[in-house]
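Input: a single structure, listed below in structure tokens.
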Amino acid sequence: MIRIRVLVVDDHRIFAESLAAALAAEPDVEVAAAGSAPAALRCLERAAADGRRFDVMLVDADLGTAALPAPRAVPAARDAEAVVDGISLVAGLRTHRISVRSVVLAEKDDAGRAALALQAGASGWIAKDCSLQRLLGVIRGVLRDETHMSPALLTGVLRELTAARKHRTESEQLVESLTPREQEVLRCMVAGLGRKAVAERLFLSPHTVRTHMQNVLGKLGVHSTLAAVALARRAGVGPADLSVDLAGDVVERGGKLA
């Protein structure tokens, strides 16, 4: 019998242990549980190193957020402690190069967050109070590369994804209006470099970099570097490859260029 390895990730211990026990009663399911995103990452990496990868991860959408004022995004660096909510954990699996199908468990339907979960790489969004048989069906379904969510949620998610695609297309067109040098500067901005660090990296004077940054803001139609970085990310612009750690100056002061 081929066994399905499932990792339950939820910081509500009673729920996590109860769900794990219910799933483990199935003859073809093997279950482990983790109470936080860092613990889940360690569990997934350890299993991969032992040649016993997990097949499916069931993760609480609100993982860890009860103890924090706001969830933080997963950074490019391997800083597991910065991973907070369930959607960030799903997105972080790419950063950590971990291959596992993810299903987000939620207290309620939320089209916006469900769309974000799918964009992050999740294979489904289902209610925490669904039946065990429904959950088992979802687990086996995602292993067949199916995507699962309630029909009532699907319309809203499709609307959110369509809107996101429209914004991305508009952002892509704005980024394409930049010169190659301005696009280089924008990638440095996405990487969090300040004017001096960009100047050192691109072998330009700080004054020239400032001019490029002002041109980037003008062409993108924004008034701060934070807004420019947000637009760049929507357009799929990644950060410059920082193979050398460059200490930049402050990029943003009161919403204006430093």
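Tabulated results
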item: Any hit, segment 164-184, residues being surrounded by 16 or more Cβ atoms within 10 Å (Cβ to Cβ), closer than 30 Å to ALA127 by Cβ, out of contact with any strand residue (DSSP E or B) (no Cβ under 8 Å at 6 or more places or on another chain) and not hydrophobic (A, V, I, L, M, F, W, C); result: no
item: Members of segment 201-222 that are in a loop (DSSP other than H, G, I, E, B), closer than 16 Å to LEU178 by Cα and either of a type in the set (Gly, Ala, Ser) or touching a residue at least 12 places away in the same chain (Cβ under 8 Å) (or both); result: GLY221
item: Residues of segment 154-183 satisfying the condition of being among the charged types (D, E, K, R) and within 26 Å of GLN119 (Cα to Cα); result: ARG159, GLU160, ARG165, LYS166, ARG168, GLU170, GLU172, GLU176
item: Breaking point among (1) closer than 30 Å to VAL209 by Cα; (2) at pLDDT 85 or above, for HIS167; result: (2)
item: Single condition ASP79 does not satisfy, out of (1) modelled with pLDDT of 90 or more; (2) surrounded by fewer than 19 Cβ atoms within 10 Å (Cβ to Cβ); result: (1)
item: Candidate set: segment 223-258, residues that are within 14 Å of GLU172 (Cα to Cα) and open to solvent by 60 Å² or more (accessible area, probe 1.4 Å); chosen: the one modelled with the lowest pLDDT; result: ARG234
item: Positions within segment 185-219 being open to solvent by 50 Å² or more (accessible area, probe 1.4 Å) and within 11 Å of VAL237 (Cβ to Cβ), in sequence order; result: ARG187
item: Sole residue being under 14 Å from GLU172 (Cα atoms) and either in contact with a helix residue (DSSP H, G or I) (Cβ under 9 Å, 6 or more places away or on another chain) or of a type in the set (Asp, Glu) (or both), chosen from LEU193, LEU220, LEU202; result: LEU220
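The values are calculated or read from the model by the stated rules, or taken from the named source; none is laboratory data. These figures come from a predicted structure and were not determined experimentally. Neighbour counts run over all protein chains shown; Cβ positions are idealised from the backbone, glycine included. Note: areas computed on protein heavy atoms with side chains; ligands, DNA, RNA excluded. Shrake-Rupley method; radii C 1.70, N 1.55, O 1.52, S 1.80 Å.
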